[in-house]
1. Collect the residues in the range 66-107 that are in contact with a helix residue (DSSP H, G or I) (Cβ under 6 Å, 6 or more places away or on another chain), among the charged types (D, E, K, R) and over 16 Å from R7 (Cβ atoms), keeping them in residue-number order.
2. Can you tell me how many residues within the range 75-95 are at pLDDT below 85 and in a helix (DSSP H, G or I)?
3. Pairs needed: first member in the range 63-92, touching a residue at least 60 places away in the same chain (Cβ under 8 Å); second member anywhere, assigned to a helix (DSSP H, G or I) and open to solvent by less than 50 Å² (accessible area, probe 1.4 Å); C-beta distance under 7 Å; at least 6 residues apart or different chains.
4. Does L102 satisfy the criteria of being open to solvent by less than 100 Å² (accessible area, probe 1.4 Å) and either in a helix (DSSP H, G or I) or in contact with a strand residue (DSSP E or B) (Cβ under 9 Å, 6 or more places away or on another chain) (or both)?
5. Would you check which residues across the range 77-88 are open to solvent by 20 Å² or more (accessible area, probe 1.4 Å) and under 16 Å from G28 (Cβ atoms) and list them?
6. Could you check, for the range 51-67, whether at least one of its residues is at pLDDT 90 or above, in contact with a Leu (Cβ under 7 Å, 6 or more places away or on another chain) and hydrophobic (A, V, I, L, M, F, W, C)?
7. Can you tell which of L70, L6 is surrounded by 14 or more Cβ atoms within 10 Å (Cβ to Cβ), modelled with pLDDT under 85 and assigned to a helix (DSSP H, G or I)?
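The values are calculated or read from the model by the stated rules, or taken from the named source; none is laboratory data. Everything numeric in this text was worked out from a predicted model, so none of it was measured. No Cβ is skipped: glycine too gets one built from the backbone with ideal geometry, and neighbour counts run over all protein chains shown. Protein only, heavy atoms only, side chains kept; ligands, DNA and RNA dropped before computing areas. Shrake-Rupley method; radii C 1.70, N 1.55, O 1.52, S 1.80 Å.
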Amino acid sequence: MIEKKLRKSFHITKEERNELRHPVHKWGERMLLVLMVSGVIIILFKYENIISPELYFLSFFIGHQVFRALMEWLLYRKTNEYVLTISTIASAIAMLIFMAILEQLSI
């Protein structure tokens, strides 16, 4: 519902959804994926008690979306796709805070 309103307000059509066209964008997202996989392996086997895998995944997702929003703003600014990505970041941060509070309450 929020996405529909944002698409209407900023005149974003679904066909404008950009693919990874620019090499910096493409390689940046690939490097972030490699970092996520290696981080999961390290957390699951060595530092399981420090951060839960769920919080790690959500934190990584937020970082990935911040990178994507930055690339969309720098490279594809006229499509206004970064507005949708920023709304995704806001909802993910709210979810991260909620999950962190729940984790603290369960201890």
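1. R68 - this is the single residue of the range 66-107 that is in contact with a helix residue (DSSP H, G or I) (Cβ under 6 Å, 6 or more places away or on another chain), among the charged types (D, E, K, R) and over 16 Å from R7 (Cβ atoms).
2. Number satisfying all stated conditions: 4.
3. E81/E72; V83/L6; L84/L6; S87/L6
4. So L102 passes the test.
5. Y82
6. yes
7. L6 is the lone residue from the list that is surrounded by 14 or more Cβ atoms within 10 Å (Cβ to Cβ), modelled with pLDDT under 85 and assigned to a helix (DSSP H, G or I).
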